[in-house]
Every structure is written in C-alpha cells, then in structure tokens.
Amino acid sequence: MIAIAAIWISVLLIGGGLALDRVLTGAITRNFDSSLEYVLIAMIRSSEIGPDGEVRLIEPLGDQRFLEPYSGLYWQISGGDQEPYRSRSLWERTLEAPTPHVDDEIHTYDSDQFVDEELRILERNVILPGSEINWRYQIAQSREALDAQIRAVRATLIPSLGLLGLGLIILAALQTFYGLWPLRHIRRAIAAMRGGQQRRIVAPLPLEVQPMVDELNALLAHNEKQAEEARLHAGNLAHALKTPLTVLVNSATGRESELAATVRREAATMQRQVEHHLARARAVGRRGAAQARARVWDSVDSVSRAIKHLYPEVRLDAAGDKDLIARVERQDLDELVGNLLENAAKYGGGSVFATIEAAGPMVEIIIEDDGPGISPADRVRIFDRGVRLDSGKPGTGLGLAIVRDVAEIYGGQIMLEESEDLGGLLVRLRLPAG
C-alpha cells in the first residue's frame, strides 16, 4: 500500500510539476518578449527613408544599452543592397536571419549565432512609405536574464514539489501503519485466546474494525454454544443409557428367568435414546452451514407421498405457497415434516391437511387432523422424551421431542393448538425463511 501510494504520488507530482514548469516558464518568456516587442514597434514608428534611400531613425531609442558595445541588447535594420543599419552595441557584428524569409507578423526565435552569447530575437518585415524595399527589423537581447529567471523559478519549484511529495509519502505511510495497527491488536488478542488467557476480543477498536471483531466474537460464541450442546448431548445420552445398562447387568448377574424380555425392553429404551440424540447431533452439525436452504413444498409433497403408502386409508391434502424456502437442511426438514404428518395420520381420524404460508421472517407449516386432539394440559408434557398419550399404537414417544429440539436448533419453534376446521390437533411449525 505504501509503495503504490509512493509511486502514484510521484507520478502525479512529476506530471503536475512539468505542467507547472511549462506554465511558469511560458509566462516569464512572454513577459520577456513583450518588452522586446515594445522596442521593435517603437523602432518601426520612428523610421523614415533618407535622401539616398537609406533607412534611419528620427528618434533615438531610450535604452542606454543600445549605445554600449556588447551590452546584450541590440537592434538592426537591413534590406536590399543597403548596408545594415545597426545599434552601436553590436559593434562589428551583424544579426542574421536563420533562413531567407519574409515575416509580415512579428517572428520570435532563439539564436546561437554569437558564440559567447545566446540571443532571443524578434523580427518583422516592413515596407516604409517612399521605399519599395522590404526592410527587416530585428531586436535581440541576451537570454542570460531570461534563463536566470527560469532557473530561479525551477530552483524553487523542484525542491517544493520534492518536499511535498516526501511529506505526502510519509503521511500515506503513517496512515497505512496506524490504520492497520488495530489488526495487530486483534492478532495479539487471538493469540491470547489460543493460549487460554481470554475468551473474547474486548479491546476498544476503531469503528471500521469493530464490526469484524463483533462477527468474530459471535463466531466464537456460536462455536462455544455448539461445543456445549455437544457436551450436554453426550452427557444426556450417557445418563440415559446408564440405567438400562445397569438393569441389564443386574439381570444377567442375578440370572433372572425373564432376562430375554428385560433385554428387549431395555434395548428398545436405549435405541430410542440413541435415535433422539443422533437426530439432535445431526441438526447441530448442519446448523453451521450458512448455505442450508430447502424448498418447503417439495419436502411436504415428498413426505406426503411416503405417508400415503404407509397409511392408504388416510386422506392427506396440502395447499399454500409453493415457492417458500426455509433456512434448514432438506434432510432435517423431511424429518420434521415426516414426524408431524405421520403422527397426524396415525392418531387422527383419517383426514390430514397441511398448509404452507409466510409469517414475517418465518415460514409456517400448519398440519391439522380430525382426530381426538390433545388437551391443553398435555400439550406441554407431550414434548418430553418417551411420553406417549396413546400406548395402544406402536411408537417410541420421541417424535415430537425430536421435532421440537431440531426446530429450536435452527431458530424455529413448534406449537400445538386445536384445529377449527377439522376439530382435531393443529401443529404449527415455524422455521426461519431462506
């Protein structure tokens, strides 16, 4: 960043310096030429033709340097076969045009015809009244004063731009250094977290960096929550399996006659617990996938076809928005919808209706049946693991518990109500919209 800034500043300052140098030297040169042009016009105005056809000045030019030999300021009038009419400052020298030509307007150029002196020359051709000769008027001045002024300007311009460029590069370096300094704090804070000295980045940081730190702290909190949930699930599973295993060990040690029945009963209990915690573990693992999306209608339609094969006597219908997407893995969505539709088909009276609709930032899946429903007192207890209100039908008593746990993992919720249309149970499942 510092190198790019230095290169860009240098390019801009060099370009700007060249342009500024051109403007200033042009202004100085034009001012220098204007003074010579004034003298040239004065020469033309004071010229006349003598009795022998020669040109002469009726008024002397006021600058004393025209009278001093080699003073650096000269004039000359030449034309035809006449001897050039020159200022005394030229002495024995003569001003010559670079090539034969006629200048109807003032022509300005530099000349090095004098070995020890560079000249700035203005010239113009004029035909005077009473003469047919095209007279060439020339006024010349040494470039020494002009070059001295240009050198003085450049002596100020170049160091000034160099100092400005150096200051800008130092400023860019300091801005980059101190602008990125908060990232060093973050690096040290992460090292401290890895070493166990702190759990979050708590140092005050600039507003530009704070959102990134907040997201990092949120990610750490999310990972800690997942790890804590994993530890909790492992503990719950170990505790749930501990009692059945103890019963099996005691039964085997005591050589009870009903050992086979005990093994089957306790093994079924352990299987239910393992299925429940495996479902939660899968949902927790998938929750971190930010790209998890599933089309709700496709899941409801797919699960409905499977339920109809299992319960052909049940009428199952669905309606609603077919384009709604939930922020959940398709496999988990199928498990949620499958548990709810299977319960409605199993415990209902033969009619099940599913509705899909949007509810603000959530997608709502409503499943109604025409069964006996669930009393308000049992609508909370039914979500406990292993609780079954109808023990006459096969099941583990974990379906609604799994639905509740998986929905909550994705930030959703499940509610039990009474269906106004069918008279049975109404299950309202809400999941974040994708």
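The values are calculated or read from the model by the stated rules, or taken from the named source; none is laboratory data. Because the structure is a prediction, the values reported are computed rather than measured. Neighbour counts run over all protein chains shown; Cβ positions are idealised from the backbone, glycine included.
Computed quantities for the displayed model
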read-out	value
Region 67-126, residues that are closer than 15 Å to residue 43 by Cβ and hydroxyl-bearing (Ser, Thr, Tyr)	74, 78, 85, 87, 89
Filter result (surrounded by 11 or more Cβ atoms within 10 Å (Cβ to Cβ), in contact with a Ser or Thr (Cβ under 7 Å, 6 or more places away or on another chain) and among the β-branched types (Val, Ile, Thr)) within region 43-65	49, 55
Test: residue in region 327-339 that is out of contact with any Cys (no Cβ under 9 Å at 6 or more places or on another chain), in contact (Cβ under 8 Å) with a residue 60 or more places away in the chain and among the basic types (Lys, Arg)	yes
Candidate set: region 387-434, residues that are modelled with pLDDT of 85 or more and of a type in the set (Lys, Arg); chosen: the one nearest to residue 336 (Cα to Cα)	404
Qualifying positions in region 271-296 - part of a helix (DSSP H, G or I), modelled with pLDDT of 65 or more and crowded, with 18+ Cβ neighbours inside 10 Å	296
Selection within region 95-129 - among the β-branched types (Val, Ile, Thr) and surrounded by fewer than 13 Cβ atoms within 10 Å (Cβ to Cβ)	99, 102, 115, 127
Residue check, residue 40 of a type outside the set (Phe, Trp, Tyr), closer than 17 Å to residue 134 by Cβ and surrounded by 15 or more Cβ atoms within 10 Å (Cβ to Cβ)	yes
Residue list for region 172-206, restricted to those being free of Cβ contacts under 8 Å to residues at least 12 places away in the same chain, part of a loop (DSSP other than H, G, I, E, B) and either under 29 Å from residue 7 (Cα atoms) or among the polar types (S, T, N, Q) (or both)	180, 197, 198
Any hit, region 3-22, residues being touching a Phe, Trp or Tyr at 6+ places or on another chain (Cβ under 9 Å), surrounded by 11 or more Cβ atoms within 10 Å (Cβ to Cβ) and assigned by TED's automatic domain parsing to the domain that holds residue 139	no
Single match in 321, 332 (criterion: farther than 16 Å from residue 370 by Cβ and at pLDDT 90 or above)	321
Among (1) modelled with pLDDT of 90 or more; (2) part of a loop (DSSP other than H, G, I, E, B); (3) closer than 24 Å to residue 405 by Cβ - the single one residue 300 does not satisfy	(2)
Residue match in region 25-47 (condition: among the acidic types (Asp, Glu) and not in a helix (DSSP H, G or I))	no
